[in-house]
1. Classify region 1-137 as rounded, prolate or oblate, taking a ≥ b ≥ c as the square roots of the eigenvalues of its Cα gyration tensor: rounded when a/c is under 1.5, otherwise prolate if a/b is larger than b/c and oblate if not.
2. Given axes a ≥ b ≥ c from the Cα gyration tensor, I'd like to know whether the chain is rounded (a/c under 1.5), prolate (a/b larger than b/c) or oblate.
3. Take every DSSP beta bridge whose two residues both sit in the chain, then give the antiparallel share in percent to the nearest 5.
4. Once every DSSP H run of n ≥ 4 in the chain is given -39500 (n - 2.57) and the sum is divided by its residues, what mean residue ellipticity at 222 nm do you get, rounded to the nearest 500 deg cm²/dmol?
5. Per residue Cα convex hull volume for region 162-291, in cubic angstrom?
6. Which of Y228, G271, S251 sits farthest toward the positive end of the charge dipole of region 215-274, with +1 on the Cβ of Lys and Arg and -1 on the Cβ of Asp and Glu?
7. List S93, S274 from most exposed to least, where exposure is judged by having the fewest other Cβ atoms within 10 Å.
8. Report the FRET efficiency, 1/(1 + (r/R0)^6), for E98 and E227, where r is their Cβ-Cβ distance and R0 is 35 Å, rounded to 0.05.
Amino acid sequence: MSHDRSAQRVRVFTEPHCLDHRAPRGYPECPDRLVGVMSHLTARGWPITEVGVAREVAEAAVAAVHDPAYVERFRRAAERGDALLDSADNPLSEGTWEAAWAAVSATLAAAEHAVSDGGAYSFAAVRPPGHHAEKALAMGFCFFNNVAVAAQHLRGQGAERVAIFDFDVHHGNGTQHLFEERADVFYASTHQFPFYPGTGAAGETGRGQGAGATLNVPLPAGTGDEEYAAAFAERILPALAAFRPDVLLLSAGFDAWRGDPLGGMAVSEEGFASWGRQLGALADQVAQGRLLAVLEGGYDLANLPSLVDSFLGGLLSPDPN
Ligand code: Q9C
Ligand code: ZN
């Protein structure tokens, strides 16, 4: 092992059924993404739990975020064998329904670990991803909004203030919309802009009771490590610290990597390690060491595993600044 993980401060959570959602050939959000990540993290010695929370727990948590009529519409569409749900980006296969539940279940197990005694860092290695999923709409490869379901679940488990930072290259429209009128869940995002899904302009800062509890830092195509570092130092980290969350959640997409086939940014592998160091330090400083990172995008099959490994390595070497 190249670094000391004896403290086991990071634990990886997954669920085998996450692999059962199979899009047609050519879709970038494919099972091999997660196969590659898990085989690399296993080889690198990270502690792994392959069991999620009970289905009833996941069902109650999803019902607290998504419209029950949407969940039923998804179930029926999957059962009928419909080709897709709501969007051409959301093809359905035989295992899609179970995979979406598996992703939620593993994310919730990871969330509960993050807030266990003493605080811990959890990584939910799951698919399908979640941050584009709206209350009643599938979008952008996402069916259930895993990170939003975890945020709401933690609110019901004693966390009074939850912060979500989304560093996927795409804006997390679903997560923002689910919480934009609330003061108890802060949502911050860095993302390529203008870009899919079109939301996330700097002027979107929350509404009603949630005014000021949404922070968007849109960045132009081509943004690399230096400009991202400035956005972290000047905007994202101070805002997250000022919110004083009881737990820090991350929508961890790796599609801002410079070689990603979908994204147009220029972040290096060392960039992700640096983000890990800074976000681990932030969780220690303001959130009692409680951190949950949930996999979102990242589509370069050859490099996604090492990007995730570098990010997790960064979490374990916190670098305050
Ligand atoms: N149909 C995530 O990274 N591209 N989702 C749509 C127009 C959708 C990305 C192009 C990209 C979704 C989780
Ligand atoms: Zn993305």
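Read the figures in this text as sums done on the coordinates, not as results from a lab. Predicted model, so just to flag it, every value in this text is computed and none were measured. Please note: Cβ atoms are built from the backbone with ideal geometry, for glycine as well, and neighbour counts cover all protein chains shown.
1. On the way: a/c = 2.72, a/b = 1.53, b/c = 1.77.
Here region 1-137 falls in the oblate category.
2. Details: a/c = 1.25, a/b = 1.17, b/c = 1.06.
Because its axes are fairly even, with a/c under 1.5, the chain counts as rounded.
3. Numbers: 3 of 36 bridges.
For the chain, the DSSP antiparallel bridge percentage is about 10.
4. Numbers: 10 runs with 115 residues, N = 321.
One gets -11000 deg cm²/dmol as the mean residue ellipticity at 222 nm.
5. Working: hull volume 11.2 nm³, N = 130.
Hull volume normalised by residue count: 86 Å³.
6. S251
7. Numbers: S93 16, S274 21.
Listed from fewest to most nearby Cβ atoms, that is S93, S274.
8. Working: r = 41 Å, r/R0 = 1.16.
The calculated FRET efficiency here is 0.30.
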